Structure formats: C-alpha cells, structure tokens
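The values are calculated or read from the model by the stated rules, or taken from the named source; none is laboratory data. Bear in mind that the values here come from a model prediction, so they are computed numbers and not experimental data. Note: ideal-geometry Cβ built from the backbone for every residue, glycine included; neighbour counts use all protein chains shown.
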Amino acid sequence: MASPIAAQAFRQRLAPNLIKTSKTTLTSAKSHANPELLHGAIALLNPTVQPPFKAIRHLFDHLRANPTAASALNNAYPKRGIFKSAAIKNGIADQKFTIDLSPARDSLISEATRASLASYGLNDVISFFNNTAENHVSTILSQLGKVSSIDLSQVHKDLNMNFRLCDYNPLTANPTSSNGCGEHTDYGTFSIIFQDGTPGLEIEAPHAPGTWIEIPGDATVVLAGWCAFILTGGRVCAVRHRVRRIPGVRRLSAVLFVAPDLEVKLKPLTEFTNVEFSKEIIGGEVNVSWFKDVMGKRWRRREGNLEVAERDEGIFSQDDEIRRLVLGA
C-alpha cells in the first residue's frame, strides 16, 4: 500500500527548499514530513511549458481507432515501433499504451505521415518535448552536478534523449488490474514525469524498501536513474517507481528521459564512492549503449513488447538483474 500525501501539504513542506535558476525551478524533497523516506530521492519541477494533454489524448484516440495511421507511424521506426498497444490483448503486461519518440525517430517520420497526424496532436507533442529539453535539461544536469560534486556535462555532450507518452486507459485486456506500470528504475540519468492531474505515480522510499509513497497527480517530478547512481558513485539515488491504475479512470503522462552519451563507459566519475560496485562497473567494462540494450529487454518484457527471439531469459524483475550487474550482489 502506498502512503498518500495530500497535494497541498506536500507542496507546503517542500516550499522552503526551492532551487531556482533563470529557466528551471527545482524543489528538493528532503524537507518532506518523512525525510528518512524521500531524502535525496526526487525533486519537483515548475515547468516553463505545460504538457498538451488534450492533444496527447487526441493522438492516442486517433491511433487506437485507426490501425492504418498507427501502422504508418510505426513504419518510421520498424525495429521497435512508435505506438505500442500490447495491453489491448495482453492482460499480464503493463496495462497502458505508449508512444515512444526521440529526436532521431522524429526525423524518420515521413512528411506525409507527419501531415496526416498534425491535426491529431503530433506536432504539439513534439514541440512540447523540444521546448522542455531546451529549457530544463542542461539546468537539471547542472543541479545534479552540484548535489553530487561531479561534472555530469562531460558525459552528456550529445543530449541523448527519448520522449514517451503514456495512456493508462481503462479499456485494456485487464480493465480491473491496478498495474499501470510495474515497479522499476529508469536506466538513464534522469527522467521528467509530467502528469495530467490524476494520481497513480508511486515512489519507493530509497531507504525503506517496500514502502511506497503516493505522489500528487498534478506534480511534475524529476527522478534519477541507474546511470546517475553509477556516475556519481552512489551520491545520487536511483529511484524505483510504479504507476497504479484506478479502475475506470484514464490517466495520461508525458516523460522526457535523459541519458549519457551512448559510447560513455558506465563507471563512477569519482574515486570515492558511497557504495561497492561490481568489478564490471569499476573496470569500465560496460558502456551506456550496451547497458540500455540489456535493460531494454527487461522493460519490453514487462510492457509486453518483447520479440519472440528475445524470450529466452530467466524470470527476474527488471531491477533484480540490473542490481546484480551494477552492485555484483
């Protein structure tokens, strides 16, 4: 069970800890009423641009109702597709639909497909993510650098980013399931999660495993991932989180993922670490590209999008196997 936090009280307790810059305002979670639960785990963001949730809803509705339009969009990136709808038939997987974009994938969408989806919100979505990246990514990297005393910009020169829209729609194969998105830790440096006002996002307390904190549905949240944890030598917590569905209630979110450059060796950028890492990590035997591929199989399995050829792995949670790789235990 999650520990609910009233939105107003949540912000009142966080208000004294604003970190302000010219473009970005982050709020530290360390002054929360239960500081031992959320200390160092999250930050709240006051975004300069609000997500176009009306356009996001319109785009999902159009793609679900028009298989031809969905196929045209997926043909831009045939390796994995862009619109994912496994939850229509798979009642065990995460009960959500997603649209996965990135600057690279955006450039692959044909002009004809782009024009056909313009009136259904695609251009608004891409513009929103581009504006968010321009206004917030470098500043958040800088703030993480200050918190950890490590210059993270040196391994984020290419601005390796992905964009995701999530539709936690009640019209799935398992409409009564509370599993919107299974518990996991993101692979990259940080993620910005925008919500449409509907609750459901929960964060596991870093120092109290199994304790889940419910985040207000209108909060915009910045969470660190495995790459931040490794690069900072454990000084920045990688945050486990999940989404619980409310039966019969639709929930939308938009997420911007930021990761180090793909060729970067995934090892601490400091000699002094807060945790004991595996020999593979300390030795720099793993790069970001390989790490992403390994984690990709785990999240595709959880989301029901795993290809048949990839279904030869043992049954572990996404985080169990990655934790063994990172920490050797």
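Observations, loosely collected:
- Count of residues meeting criterion [over 21 Å from SER102 (Cβ atoms) and either touching a His at 6+ places or on another chain (Cβ under 8 Å) or in a loop (DSSP other than H, G, I, E, B) (or both)] in segment 170-226: 31
- Enumeration of residues in segment 68-97 that are under 15 Å from CYS166 (Cβ atoms) and hydroxyl-bearing (Ser, Thr, Tyr): SER85
- Residue in segment 292-299 that is among the aliphatic types (A, V, I, L, M), farther than 26 Å from ALA104 by Cα, buried (at least 19 other Cβ atoms within 10 Å of the Cβ) and modelled with pLDDT under 90 present: no
- ARG64 being outside any loop (DSSP other than H, G, I, E, B), closer than 24 Å to TYR168 by Cα and among the charged types (D, E, K, R): yes
- Of residues in segment 239-291 being touching an Asp or Glu at 6+ places or on another chain (Cβ under 6 Å) and in a loop (DSSP other than H, G, I, E, B), the one farthest from PHE128 (Cα to Cα): VAL286
- Of all residues in segment 70-93, those satisfying the criterion of being in contact with a Ser or Thr (Cβ under 8 Å, 6 or more places away or on another chain), outside any loop (DSSP other than H, G, I, E, B) and buried (at least 17 other Cβ atoms within 10 Å of the Cβ) are ALA70, ALA72, LEU73, PHE83, LYS84, ALA87.
- Against the conditions (1) more than 16 Å from the chain's Cα centre (by Cα); (2) more than 17 Å from LEU256 (Cα to Cα); (3) modelled with pLDDT of 95 or more, PRO206 satisfies every one except (3).
- Inside segment 146-157, residues that are among the polar types (S, T, N, Q) and crowded, with 16+ Cβ neighbours inside 10 Å make up a count of 1.
- If you go through segment 94-145 and keep only what is buried (at least 17 other Cβ atoms within 10 Å of the Cβ) and part of a loop (DSSP other than H, G, I, E, B), you end up with ASP94, GLN95, LYS96, SER102, ILE109, TYR120, GLY121.
- Residue match in segment 215-227 (condition: farther than 30 Å from GLY91 by Cα, at pLDDT 95 or above and buried (at least 21 other Cβ atoms within 10 Å of the Cβ)): yes
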